[in-house]
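Notes follow the structure.
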Amino acid sequence: MASSPIPATMKAWTYSRPGPHRKVLSLIEVPTPPLPTGSQILFKVAYAGIDPSNTDVMRIVPSLLVRKNAIPGTEFSGTIMARGPDAPDHFAVGCKVLCVTPNSAILRGRGPFCEYICLDSKTSAIALVPEGLTTEEASCIGQCGIMAMLIHKHGKLHQGNGYRILVNGASGGCGSIFVQVAVAMGAKEVVGVCSAPNAEFVLGLGASRTIDYRTNAPLHEYLAKEYGTRPFDFVLDTIGVQELYTKSPGFLKENGAFVNIGNYAHGRFWMLVYVMLNMLWPWWLGGTPRKFVIFTPQRDPEFIVKLMDLVREEKIKVHIEKVFAFEELCDALDLGDTKRVRGKLVLRVGGD
Ligand SMILES: NC(=O)c1ccc[n+]([C@@H]2O[C@H](COP(=O)([O-])OP(=O)(O)OC[C@H]3O[C@@H](n4cnc5c(N)ncnc54)[C@H](OP(=O)(O)O)[C@@H]3O)[C@@H](O)[C@H]2O)c1
């Protein structure tokens, strides 16, 4: 079933070789995806969330794997234009939804920095936009929100267990959502590491305390001094400071867990080396005696449903630093790459 009218071509930001976004991206006209079959859904994109992994993917995917006219991006909000016969009934034509694309779409270059996108409802995380969330906000909450849920699952942190958590990079796109999800899931204390100008923002998200990483360097020494006698259950590093993990026995419980999703401190290459080292080097051979948690960000629909419940209960809000016009994608990616963004960036594709 399809609503009308769907044009034969659409505007899309595309790249056909790996490289820095300013060199490889161009805004061109491409064929609109065909009408959906099976469990597929065709969406008209309203807004798309921008995150640092967008430029990472464009830079690091090997040439052989880059499809011609690949479209970047991973999450968006929009309207259902058409649906295959096997798509779930509650995703009806005309519904406003948010969606996080499956990992396979990233590899196939089928992202949402374009006017229309067709995805399989079985492998994408899709939810109806709940009341109280604007379409702009809906475009950029899914990915970080699902990740926050996954961290709870893989860190074995269950709702309402009164744990204590440290979030490094608490003012960023992911950190700001992680703080709120941790509070909503029942953390007793959430400590956010951020710069002094972002302290008020992070406290407003529900953190019990903030630590300025600039005036308290090196952070691990400060944490050992402050929290050595009352260590955390869980550390979540969105920046990727290897020393924070190797020195974590000073401020993280023996049965606690450390998650790193960031690659800011030492770059992507060293992050991969450190992840391997942290996963494989046993403590009895000199490795760090703390659990290092890693997970693949699968788009489990269960998590997006739970996330929307938290939004409806007004436990999670999205802070958008800036909305960019569709033509300004490269400016948006430039700003994201500065690593100084508070909250999220959004690209206006078709708008409301
Ligand atoms: N966003 C996603 O959906 C997503 C998905 C997958 C993976 N990741 C990865 O997760 C990481 C974090 O992403 P993000 O979107 O949260 O990043 P982000 O929004 O770009 O984070 C920037 C924030 O981090 C703060 N910051 C910078 N350096 C810091 C430091 N040394 N210590 C503490 N805070 C610092 C900045 O504030 P100040 O400069 O004022 O401190 C700024 O508020 C990235 O490596 C990204 O590739 C993100």
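Could you please find all residues in the range 136-149 being out of contact with any helix residue (DSSP H, G or I) (no Cβ under 7 Å at 6 or more places or on another chain) and not in a loop (DSSP other than H, G, I, E, B)? Matches in the range 136-149: GLU136, GLU137, ALA138, GLN143.
Highlighted here are the strands (runs of 3 or more DSSP E) found entirely within the range 155-234 that include at least 3 residues which are within 15 Å of the ligand (Cβ to nearest atom) and β-branched (Val, Ile, Thr): 189-194.
If you go through the range 86-125 and keep only what is surrounded by fewer than 24 Cβ atoms within 10 Å (Cβ to Cβ), under 18 Å from MET10 (Cβ atoms) and of a type in the set (Gly, Ala, Ser), you end up with ALA105, GLY109. Annotation note: of LEU25, LEU35, LEU64, the sole residue that is away from the ligand (no atom under 16 Å from the Cβ), farther than 28 Å from LEU307 by Cα and within 25 Å of the chain's Cα centre (by Cα) is LEU25.
Filtering the range 235-269 to residues that are over 27 Å from THR338 (Cβ atoms), among the hydroxyl-bearing types (Ser, Thr, Tyr) and outside any helix (DSSP H, G or I) leaves nothing. When each of LYS306, LYS339 is tested for being among the basic types (Lys, Arg), at positive phi and modelled with pLDDT under 95, the lone residue that passes is LYS339. Within the range 143-162, residues that are within 27 Å of ILE106 (Cβ to Cβ) reach partners that are basic (Lys, Arg) and in a helix (DSSP H, G or I) with beta carbons closer than 8 Å, at six or more positions or on different chains, in the pairs MET149/LYS306. Can you run down the residue pairs with Cβ atoms below 6 Å, 6 or more apart or on separate chains, where the first is in the range 166-181 and farther than 14 Å from ILE211 by Cα and in contact (Cβ under 8 Å) with a residue 60 or more places away in the chain and the partner is assigned to a helix (DSSP H, G or I) and within 8 Å of the ligand (Cβ to nearest atom)? From the range 166-181, the pairs are GLY173/CYS144; CYS174/CYS144; ILE177/CYS144. Scan the range 79-99 and tell me whether some residue there is basic (Lys, Arg) and either closer than 23 Å to PRO5 by Cβ or in contact with a strand residue (DSSP E or B) (Cβ under 7 Å, 6 or more places away or on another chain) (or both). The answer is yes; a qualifying residue exists. Within 30 Å of GLY172 (Cα to Cα), small (Gly, Ala, Ser) and out of contact with any His (no Cβ under 9 Å at 6 or more places or on another chain), is that true of GLY84? The answer is no for GLY84. When each of PHE43, PHE91 is tested for being away from the ligand (no atom under 16 Å from the Cβ), part of a loop (DSSP other than H, G, I, E, B) and among the aromatic types (Phe, Trp, Tyr), the lone residue that passes is PHE91. For LEU285, the conditions (1) aliphatic (A, V, I, L, M); (2) within 15 Å of the ligand (Cβ to nearest atom); (3) farther than 29 Å from TYR163 by Cα; (4) outside the structural domain of SER26 (by TED's automatic domain parsing) all hold with the exception of (2).
Condition check: closer than 17 Å to PRO301 by Cβ, among the β-branched types (Val, Ile, Thr) and either in contact with a strand residue (DSSP E or B) (Cβ under 6 Å, 6 or more places away or on another chain) or outside any loop (DSSP other than H, G, I, E, B) (or both). Does ILE126 satisfy that? So ILE126 fits the description; yes.
When GLU254, GLU302 are screened for being out of contact with any Gly (no Cβ under 7 Å at 6 or more places or on another chain), assigned by TED's automatic domain parsing to the domain that holds THR229, surrounded by fewer than 12 Cβ atoms within 10 Å (Cβ to Cβ) and of a type in the set (D, E, K, R), only GLU254 passes. Taken over the range 288-303, the criterion of being assigned to a helix (DSSP H, G or I) and out of contact with any helix residue (DSSP H, G or I) (no Cβ under 6 Å at 6 or more places or on another chain) is satisfied by PRO301, GLU302. Residues that are under 21 Å from LYS122 (Cα atoms) and of a type in the set (D, E, K, R) were ranked within the range 52-85; the one that is surrounded by the most Cβ atoms within 10 Å (Cβ to Cβ) is GLU75.
With respect to LEU133, is the statement that it is more than 9 Å from the ligand (Cβ to nearest atom) and in a strand (DSSP E or B) true? Here the answer is no, as LEU133 does not meet what is asked.
The values are calculated or read from the model by the stated rules, or taken from the named source; none is laboratory data. Predicted, not measured: the structure shown is a model, and the values here were computed from it. FYI the Cβ positions are ideal-geometry reconstructions off the backbone, even for glycines, and counts take in every protein chain you see.
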